[in-house]
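Here's the structure, in structure tokens; my notes come after.
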Amino acid sequence: MESKTHVRFTLGKQSSLAPDPHNELVGVEEREDGEGIDPRVRLMYLTNEGDLEGIRELLDSGTDVNFRDIDGRTALHVAACQGSCDIVGFLLQQGAVVDPKDRWGSTPLADAIHYKNHDVIKLLEKHGAEPLMAPMHVKNAREVPEYEIDPKELDCTNSVDITKGTFRIALWRGIEVAVKKLEEDVISDEDKVRAFRDELALLQKIRHPNVVQFLGAVTQSSPMMILTEYLPKGDLCAFLKRKGALRTRTAVKFALDIARGMNYLHENKPEAIIHRDLEPSNILRDDSGHLKVADFGVSKLLRVTNRVKEDRPLICQDTSCRYVAPEVFRHEEYDTKVDVFSFALILQEMIEGCPPFHTKQEKEVPKSYAGKERPPFRAPAKRYAHGLKELIEECWSEKPAKRPTFRQIISRLDTIYDSLGQKRHWKVGPLMCFQNLEAVWKKDHSSLSSRRSSSRSTSSI
């Protein structure tokens, strides 16, 4: 049974939801030492000090592990704030309630999340603690975003993974959709929640035939989810693994799809959108065979006059490094031209039939780019239409300013694509001409034979 006192414990870190815990309820007795006070309050004091043996003695003597001060705070709240993993574990073993709410509605888990005590977060979640609400929850019903989807509308009974366990197929209003889920066990990870928010903010802005279509999201309950159109033909990475090197005309057609989608993102107003993770696995194929750019988990919004920088150096375990521009790897400021660099590698891969520097380990590839190395051109020269190799080399230029924009890339690819069409007509032309002449000859020969036959019949009469 929980016990309470009129004393407020004020040492150490306070409730994550308290507006100003030291200035409320004037006249309430406050004690900031551990001597000569109620054993229950002393429990709070020893918890704050990290005195596990002292806590053990108090609990052995009968002190209530679930004692609350006047603000409804328990020793578990204090331990969670302080990040005392050993004490949190011991208090739970002694029967501490895992999710008590203080007068402001904060729980030990909420406090641990607020103070970024990750080991305590994991321990509390292991014992059944649950987040108070989704990180994007709003109290006023009028503030619920228009894109909000009721999770009850989602049928995930037969859902299967699409990629790396991040996306799953589900049914929503009679159609198959791709669902990106932020699992409950990572809601306490502020970096992942921030990335989720950023991706959602970007997807709401995007409407283009060569960019995956955003359908809605679940943000007012946990787990939070993002819904996009489901493209059953899979990604470009899997397609290239099956097909190998593509015909030049197909590769250029695909490159135009990618470039058009990326140009739309880069010319977005008032802020350009940098994808920053453009690679074959993030490019999807639709039913008509066209490509769509997808996965904006690490994308950035960029004011036209600004450059951006990663919060920390790139770690290859976090993302694929095989298509990352050297300035990102060197932890320098960058702009939209990082996507142009990645695009060059993808275009070359479609012609060559293998990933860039495929014989090197993933973590070694960005070092090669930073050292001014580029993947070799090994395919026969005829595979590279006039101007195509030069375009690739400009796109992966060491100096970002020398790389063309996607608007310029589209113009050049259109010219190359048209030239490939003309060559195709030239090759087919002579054969078709011969076939037409042959058909005319057969028709004339048949007509002549018919007239001769008719003439003979008349003569015999």
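Read the figures in this text as sums done on the coordinates, not as results from a lab. Predicted, not measured: the structure shown is a model, and the values here were computed from it. Backbone-built Cβ (ideal geometry, glycine too); neighbour counts: all protein chains shown.
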In percent, what relative contact order does the range 236-416 have, based on Cα pairs under 8 Å that are 6 or more apart in sequence?
27 percent
Pull out the extension gain between Lys399 and Tyr417, defined as 0.36 nm times the separation in residues minus the alpha carbon to alpha carbon distance; nm, one decimal.
3.8 nm
Filtering GluC sites (Glu not before Pro) in the range 225-292 by DSSP loop and by at most 15 other Cβ atoms within 10 Å leaves Glu267
Specify whether the C-alpha gyration tensor of the range 348-430 places it in the rounded, prolate or oblate class, a ≥ b ≥ c being the square roots of the eigenvalues: rounded for a/c under 1.5, otherwise prolate if a/b is larger than b/c and oblate if not.
oblate
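Beta carbons within 10 angstrom, averaged per residue: use that to sort the peptides 85-94, 146-155, 334-343, highest first. Each step should come with its number before you reach the end.
Working: 85-94: 19.6, 146-155: 13.1, 334-343: 24.7.
With the highest mean Cβ count within 10 Å placed first, the list reads 334-343, 85-94, 146-155.
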Quick one: give the max-minus-min coordinate of the C-alpha atoms of the range 236-416 along each principal axis, largest first, in Å.
41, 36, 31
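Which of the three applies to the range 73-126, rounded, prolate or oblate, going by the alpha-carbon gyration tensor with a ≥ b ≥ c and a/c under 1.5 meaning rounded? Display every interim value, and only then the final one.
Numbers: a/c = 1.63, a/b = 1.09, b/c = 1.49.
Taking the square roots of the gyration eigenvalues as a ≥ b ≥ c, the range 73-126 is oblate.
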Compute the separation of the alpha-carbon centres of the range 348-424 and the range 33-102 and state it in Å as a whole number.
63 Å
Residue by residue through the range 250-255, what is 3J(HN,Hα) from phi via Karplus (6.51 cos²θ - 1.76 cosθ + 1.60, θ = phi - 60°)? Round to whole Hz and write x for glycine and proline.
5, 4, 5, 4, 4, 4
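Determine the alpha carbon to alpha carbon distance for each of Lys116/Lys292; Lys205/Lys382; Lys292/Lys382; Lys233/Lys372 and list only those over 30 Å.
Lys116/Lys292; Lys205/Lys382; Lys233/Lys372
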